[in-house]
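Comments concern the structure below.
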Amino acid sequence: MVRAMTPGGLAAAALRDELFPGEARSLGRGWVAWVVADLEYRAVVDRAGGNKRWHMFVGDARLGPAMADYGGLSVPLDPVGIGLGWPEGSRLDPDQAVAVRSLCRDVLSFASNRRELALLLMAQEEVRHGDVVAWLPAGNWPGRLAQALVIATDLDDQPLADTIRHLIRTPGARIVSRRPHYRPDVTQPERDRPNALYLDRGDLEQDVEREGRHWLARYCKVLNRIIDL
């Protein structure tokens, strides 16, 4: 009886068939990593029901290792849609191989250098390339701006750094999401309706400058450097 691959076996099979770019290496437990132009790409596979699902990350290979406790200056990239079934045996079939190569192509398109990674970190809305989406929640935008500023100053890219500083120092609160508040007399069935009655909106606000300064101070401490706003 042919057995389903383990995550580690699937990653090993993809490495053996040279489906990942460059000199990819196994990190164990289904993790694979490769470095291109001072960017580190990581991929891990897990099983979602009967399908395989890859999770990817693109990060700064120069400063990322020192920032491991804060995500390594990286952005999570996840495929959208339904994945292929979980492979069996010891080799990937042609459809599986094409899917991995296509996924890697989309992932590489998000950033080809550190400056493009900084621009990705600065994005306020979802970014999608092909069948891959960058996970960029609005709530962590100030922290991502601080990370982008770390990269920009390390690159000595003054125009980019000035742009980021301007975004962080923008006065006033920023609405990042809206949450529903229901009056006590609203029944549960009404709450569950998409167009629930008596729905009132409460704003979740964010002080970008305060939070940006908070995260920048933490990053500077880890990196033992001074970065001014």
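The values are calculated or read from the model by the stated rules, or taken from the named source; none is laboratory data. Everything quoted here is computed from the prediction, not taken from an experiment. Cβ: placed from backbone, ideal geometry, glycine included. Neighbour counts: every protein chain shown. Accessible surface is based on the protein model in full, side chains and every heavy atom, while ligands, DNA and RNA are left aside. Shrake-Rupley method; radii C 1.70, N 1.55, O 1.52, S 1.80 Å.
Filtered by the rule that a residue be open to solvent by 40 Å² or more (accessible area, probe 1.4 Å) and assigned to a strand (DSSP E or B), segment 27-49 gives L27, W31, V35, V36, E40, R42, D46, R47, A48.
In segment 1-26, how many are open to solvent by less than 60 Å² (accessible area, probe 1.4 Å), under 16 Å from S90 (Cα atoms) and not in a strand (DSSP E or B)? Total meeting the criteria: 12.
Can you give me the ranges of the helices (runs of 4 or more DSSP H) entirely in segment 94-160 with at least 1 residues that are more than 15 Å from the chain's Cα centre (by Cα) and within 15 Å of I227 (Cα to Cα)?
Numbers: elements: 94-108, 114-122, 141-155.
Passing ranges, in order: 141-155.
Answer yes or no as to whether I226 is buried (at least 17 other Cβ atoms within 10 Å of the Cβ), more than 29 Å from W54 (Cβ to Cβ), of a type in the set (V, I, T) and modelled with pLDDT of 90 or more. Spelling it out, it is not the case that I226 is buried (at least 17 other Cβ atoms within 10 Å of the Cβ), more than 29 Å from W54 (Cβ to Cβ), of a type in the set (V, I, T) and modelled with pLDDT of 90 or more.
Any residue in segment 97-114 that's free of Cβ contacts under 8 Å to residues at least 24 places away in the same chain: show its pairings with residues that are open to solvent by less than 20 Å² (accessible area, probe 1.4 Å) at Cβ separation under 6 Å, as long as the two are six or more apart or on different chains. As it stands, the answer is none, since no pair meets every condition given.
Would you confirm whether any residue within segment 54-74 is charged (D, E, K, R), closer than 21 Å to V133 by Cα, in a strand (DSSP E or B) and open to solvent by 20 Å² or more (accessible area, probe 1.4 Å)?
At the first step, the residues of segment 54-74 found to be charged (D, E, K, R) are 60, 62, 69.
From what's left, closer than 21 Å to V133 by Cα: 60.
Subset that is in a strand (DSSP E or B): 60.
The next check asks that each one be open to solvent by 20 Å² or more (accessible area, probe 1.4 Å); those that pass are none.
No, segment 54-74 contains no residue that is charged (D, E, K, R), closer than 21 Å to V133 by Cα, in a strand (DSSP E or B) and open to solvent by 20 Å² or more (accessible area, probe 1.4 Å).
With respect to G130, determine if the residue is closer than 30 Å to T153 by Cα and open to solvent by 40 Å² or more (accessible area, probe 1.4 Å). No, not satisfied. Which pairs turn up if I take residues in segment 210-227 that are part of a helix (DSSP H, G or I) and look for partners that are not hydrophobic (A, V, I, L, M, F, W, C) with beta carbon separation below 6 Å, at least 6 apart in sequence or on another chain? The qualifying pairs are E211/P142; G212/P142; W215/G143.
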